[in-house]
Amino acid sequence: MRTYRRGAVDFVRGEGSLLWDADGKEYLDFLTGISVCSLGHCHPAVVAAVQEQAGRLIHVSNLFYTEPMARLAERLSESSLGGRVFFANSGTEANECAIKVARKHAHGRGIAAPEIVSFEGDFHGRSYGPLAATPGLARNEALGPMLPGFRSVPRDDAAALREAVGESTAAVLIEPIQGEAGIRPISDEALLAARQACDESGALLILDEIQTGVGRTGSLWAYQQTPVRPDVLTSAKALGGGFPIGACITGPAAADALEPGDHGSTFAGGPVATSAALAVLDVVDDPVLLRRVRELGAELREGLAALDGVEEVRGRGLMIGVGLAEGIEARAVGADLLRRGLVVNVPAPATLRLLPSLLVEPTHVERAVGLIGESLLGFSRL
Ligand code: PLP
């Protein structure tokens, strides 16, 4: 179906930060499948893990245990909130689980009509639960009626959030850095307001780390660089290094909310996907790599901020939004960069989004800044 506006490129091969199209043209990839191939394309450890597991056991269903699934659950829990993990196949499914956890937890507290509060600009996915928590998309009446029980407050508005959270709130569900909105970090003040409002009302704080997690911001989880710790966090995208997998990870307060019969998935947590994720975490969960992400991210942001045509550079680690000067059409810049051999993305009218490999080389950072600078010169002269 025509659900995507696709760039007119047919990619056939990838290695590290590079991609090649069917005509043999080389591209520098600063999007990595929207922060999915965070170790670069075809990282040897991920390829080996997938190949080895695929040759041994591909699927048995969730009616049984497999070792990679158990090891991954333990590893995700120990690296974050210490509770239980539900595996999914995508980000939106990880959030579906979080929404179920929140509603069941709220019913347990006697709330008849639980509500979930998010920020304007949040993106939580496209199945109907997360869609209802994605204010910009939930307004699309052609897809209605939407699931009830969701409300939003202006982005980063600590006072409005405090006011919106009350007796019937099941959860505050937010992204610590809004990705699809153009890389917009939520302030510590607003995060603290969310934590405090949840503590006072008994609601759960759910952080959607589907884009920010797995090292993207220079810590394994983005919340680790903020003053708050959530009750639930969701992960997907980079977790499988390109192999589809999602996870809803709880802290102790929400760990036992769901019981047999409440939720499930045929494919989720399969041995190949969980083996891929274990290989990813072996590489990413490393203080040396995470420091390098912070350092290279700072270099990239500095280089971009010095360019003509750049008004603002936002983000943390290697999750970067570039706000362009007024009058420059970001979509045209994105298309021009693709012609020049640099893959980026345009999530908002005046914003370029850069999500390079966490293993990107400093020379690639220089090359990307150079290409963006050259492209913007053309647009500034118009
Ligand atoms: N949450 C966030 C923050 C995302 O960035 C995305 C995808 O862009 C999703 C949820 C949905 O993930 P998926 O497309 O895997 O369903």
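Test Leu161 against the criterion of being away from the ligand (no atom under 13 Å from the Cβ) and either in contact (Cβ under 8 Å) with a residue 12 or more places away in the chain or not aromatic (Phe, Trp, Tyr) (or both), and give yes or no.
Working: away from the ligand (no atom under 13 Å from the Cβ): yes; either in contact (Cβ under 8 Å) with a residue 12 or more places away in the chain or not aromatic (Phe, Trp, Tyr) (or both): yes.
Spelling it out, Leu161 is indeed away from the ligand (no atom under 13 Å from the Cβ) and either in contact (Cβ under 8 Å) with a residue 12 or more places away in the chain or not aromatic (Phe, Trp, Tyr) (or both).
Note down all Cβ pairs under 6 Å where the first residue falls in region 252-270 and is without any contact (Cβ under 8 Å) to a residue 40 or more places away in the chain, the second is not polar (S, T, N, Q), and they're at least six residues apart or on different chains.
none
Does region 352-370 contain at least one residue that is of a type outside the set (A, V, I, L, M, F, W, C), under 20 Å from Gln178 (Cα atoms) and free of Cβ contacts under 8 Å to residues at least 60 places away in the same chain?
No; the residues of region 352-370 include none that is of a type outside the set (A, V, I, L, M, F, W, C), under 20 Å from Gln178 (Cα atoms) and free of Cβ contacts under 8 Å to residues at least 60 places away in the same chain.
Being among the small types (Gly, Ala, Ser) and farther than 23 Å from Thr212 by Cβ is the filter here, so list the residues in region 15-55 that pass it.
Answer for region 15-55, where residues must be among the small types (Gly, Ala, Ser) and farther than 23 Å from Thr212 by Cβ: Ala22, Gly24, Ala48, Ala49, Ala54, Gly55.
Taking region 21-67, which residues are within 16 Å of the ligand (Cβ to nearest atom) and among the polar types (S, T, N, Q)?
Across region 21-67, the qualifying residues are Thr32, Ser35, Ser38.
All but one of (1) out of contact with any Ser or Thr (no Cβ under 7 Å at 6 or more places or on another chain); (2) surrounded by fewer than 19 Cβ atoms within 10 Å (Cβ to Cβ) hold for Ala276; state the number of the condition that does not hold.
Unmet for Ala276, out of (1) out of contact with any Ser or Thr (no Cβ under 7 Å at 6 or more places or on another chain); (2) surrounded by fewer than 19 Cβ atoms within 10 Å (Cβ to Cβ): (2).
List every residue pair whose Cβ atoms lie under 8 Å apart, where the two residues are 6 or more positions apart in sequence or sit on different chains, the first residue falls within region 117-144 and is on the phi > 0 side of the Ramachandran plot, and the second residue, located anywhere, is of a type in the set (Gly, Ala, Ser) and within 11 Å of the ligand (Cβ to nearest atom).
Cβ pairs passing all conditions: Gly121/Ala181; Gly125/Ser90; Gly125/Gly91.
Scan region 204-234 for residues that are touching a strand residue (DSSP E or B) at 6+ places or on another chain (Cβ under 9 Å), farther than 18 Å from Leu354 by Cα and outside any loop (DSSP other than H, G, I, E, B) and jot them down.
Once the filter is applied, which keeps residues that are touching a strand residue (DSSP E or B) at 6+ places or on another chain (Cβ under 9 Å), farther than 18 Å from Leu354 by Cα and outside any loop (DSSP other than H, G, I, E, B), region 204-234 yields Leu204, Leu205, Ile206, Leu207, Asp208, Tyr223, Gln225, Val232, Leu233, Thr234.
Just a yes or no: is a residue in region 68-89 part of a helix (DSSP H, G or I), within 16 Å of the ligand (Cβ to nearest atom) and surrounded by 18 or more Cβ atoms within 10 Å (Cβ to Cβ)?
No, that holds for no residue.
Would you please name the residue that is nearest to the ligand (Cβ to nearest atom), looking only at residues in region 93-120 that are closer than 28 Å to Ala348 by Cβ and in contact with a helix residue (DSSP H, G or I) (Cβ under 7 Å, 6 or more places away or on another chain)?
Across region 93-120, the extreme among qualifying residues is Asn95.
Which of (1) more than 22 Å from Ser38 (Cα to Cα); (2) assigned to a helix (DSSP H, G or I); (3) modelled with pLDDT of 95 or more; (4) not charged (D, E, K, R) does Phe379 not meet, given it meets every other one?
Answer for Phe379: the failing condition is (3).
Out of the residues in region 205-254 that are surrounded by fewer than 24 Cβ atoms within 10 Å (Cβ to Cβ) and among the hydrophobic types (A, V, I, L, M, F, W, C), state the one that is nearest to the ligand (Cβ to nearest atom).
For region 205-254, the residue satisfying everything is Phe243.
Would you pick out the residues in region 99-116 that are in contact with a Leu (Cβ under 9 Å, 6 or more places away or on another chain) and surrounded by 20 or more Cβ atoms within 10 Å (Cβ to Cβ)? Working first, answer last.
Restricting attention to region 99-116, the residues satisfying the condition of being in contact with a Leu (Cβ under 9 Å, 6 or more places away or on another chain) are 99-102, 104-106, 116.
Once the filter is applied, which keeps residues that are in contact with a Leu (Cβ under 9 Å, 6 or more places away or on another chain) and surrounded by 20 or more Cβ atoms within 10 Å (Cβ to Cβ), region 99-116 yields Ile99, Val101, Ala102, His105, Ala106, Ile116.
Which one of these does Leu137 not meet: (1) part of a loop (DSSP other than H, G, I, E, B); (2) within 15 Å of the ligand (Cβ to nearest atom)?
(1)
The values are calculated or read from the model by the stated rules, or taken from the named source; none is laboratory data. The structure displayed is predicted, hence computed values, not measured ones. Glycine also receives a Cβ, built like all others from the backbone with ideal geometry; neighbour counts cover every protein chain displayed.
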